[in-house]
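Participant: Can you read through this structure? Questions will come right after.
Nothing in this text is a laboratory measurement; each read-out follows from the coordinates by a stated rule. What you see is a predicted model; the values in this text were computed from it and never measured. Glycine also receives a Cβ, built like all others from the backbone with ideal geometry; neighbour counts cover every protein chain displayed.
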Amino acid sequence: MVEEDHHHLIDLWHRVDLEEWPVGVFILDERARFVAANKAARQILGLPQADALQHLPFAERCKDKAECKKLWDKVRRCAREKQEASGCEKDQPPCDPHKGTEIRYRLIDEQGRETTRWIRLFCQPLTEGEVIRGYYAVVANTEDAHVLQERLESLTLDIGRVLHAVSTALVMVSSALRPTLEFMGRQTNFAAEVLLSTPEESFFEALSQRARILADKLEALLQNAQGDPRKHEALLRPQWEFLEQQIPRLRAPYAFTGESFSRTAQPAFLRLIAVEIRNTLRRARPHTLPRSQVREVHQAAESLEILSLLAPLVTSYLAIAQLARPLDALRDFITTNVREEEPFEEMGLRGLLREASEELKEFANARGIEIRLEESCVHTLCKCQKRDIQRALMNLIHNAIKYTWPRQRGSRPWVLVRLSCPSPGKCQHVHGPCAQIMIENWGTPIPPDEIEDETIFQIGYRGRLAKDRLESLGTGIGLADARHVIRKHKGEITITSRPANPARHHERDPEYYNQPFLTRVTVELPLIS
């Protein structure tokens, strides 16, 4: 730049009184050397006084030279675009002159010590015709914000690592529980699939039946021992009285313990009785009691004990299967902002849905639920980020499985996943070629106000009826994350929930929300034509 141009920039600076502005403002020449800077800019950048400022290169004070270069490349590109008014260079992202660039800036204090701080620059070229005469810039100190951001990112990664470790541990525990469950199920004539899909009432009825069998066997032994002279040699009187007291407990545990006795405590209560009966009979003197009857009591007690152990085992297995997916989703959700952005690629929705359904097959089997996948179209190419769209679909299918109720009779409960491709204009929220993914289940209701007010999509919110109906574990982010991802892909998600049998209860009936609802989640996504 010629000297007169430099003076021209100084004159321009003095014409606008910016010295006392609370915002840092400065001007650079075409070689990115300081021409002038106001008081706020000098404080932020650690610059000398105005009279010693001129011709000081900005790049010499910039710690990260690569960031400085990117900054000036961007500013120059903006200048060219401004002149040409023809868009950005080929294969370059759009130039946004209002978006600042954060860089590491080197600061020399009065003692000559070097430190660095983070600043954000908003820079624009000063042009005359097609010639860049200099640059004007606004600067802000972002050191505190950057330190906070680094801490948040570190915390986020730590949480992600913890969640990953917990997810891995859950997989290991689940892998160990499943064969144990299968083995113990065989000992009680319950296949694992039957045991997991058996309604709660059926399981407790089977438990009560085993308890009654033990009571019958024990009563037969006691009756046979009444007339045997060796009775008092076999056991002491308190031991005989103890065995007699267990018979009514086994036949009617609820009546014996009172109304306050929780059903969930019944397995542990009956298991304790079975163990004590076996321990008591082991104390009998040899050859004083009928061997065959004692063996039958032992077998009945062992069968009851094993079945009672299955209750917490099944509950634990289902809880682990239920929690594993939300933990994975939470980990992905938390670490989204710190991981590398995944590119959009052309992918078939059919394949993505099949992968998601297959991934959740084990969880569905653990709950005795069938995933029914229906496809009515072949060409389903969609431009998407696979990791995110896969997570969204899995969140939705997982929710449908989790909130499906067991059926007392009839067919196995199911979750329907249907992929269709309506003709253009038939989708409500997507123009042009589109795909509809409908996920439907039978079970937990969603009240209309939660859908209309969109509270069901709020982060951390879990449906009030879902919490009352199920002691289910969740994070309250599945639907919120799914909608965020779907909208990011230029699609939309809608939910409806209605009684499976509308004529059964009126909406004002107290039992209205105690009946199963058909809940349908519909996702619309644009397809590549």
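Participant: For P286, what is the net charge nearby, where nearby means another residue's Cβ is under 13 Å from its Cβ and Lys, Arg count +1, Asp, Glu -1?
Facilitator: Working: positive: R230, R282, R283, R285, R291; negative: E233.
With Lys, Arg at +1 and Asp, Glu at -1, the net is +4.
Participant: Taking the Cβ of G432 as the centre, find all other residues whose Cβ is under 12 Å away and add up their charges (Lys, Arg: +1; Asp, Glu: -1).
Facilitator: Numbers: positive: K426, K490; negative: E524.
For residues surrounding G432, the net value is +1.
Participant: Just to confirm a number: summing +1 for Lys and Arg and -1 for Asp and Glu over residues other than Y135 whose beta-carbon lies under 12 angstrom from that of Y135, what do you get? Present the calculation step by step, with values, prior to reporting the outcome.
Facilitator: Values: positive: R31, R33, K74, R76, R133; negative: D29, E30.
Once positives and negatives cancel, what remains is +3.
Participant: In segment 374-433, what trypsin sites (Lys or Arg not before Pro) fall in a loop by DSSP, with at most 13 other Cβ atoms inside 10 Å? Please report the intermediate quantities before stating the final value.
Facilitator: Values: sites: K383, K386, R387, R391, K402, R407, R409, R418, K426; in loops: R407, R409, K426.
When the trypsin sites (Lys or Arg not before Pro) of segment 374-433 are filtered for loop state and at most 13 Cβ neighbours within 10 Å, R409, K426 remain.
Participant: Counting other beta carbons within 10 Å of each residue's own, what order do S303, S376 fall into, fewest first? Intermediate results must be reported in sequence, preceding the final value.
Facilitator: Values: S303 17, S376 10.
Fewest to most other Cβ atoms nearby, the residues stand as S376, S303.
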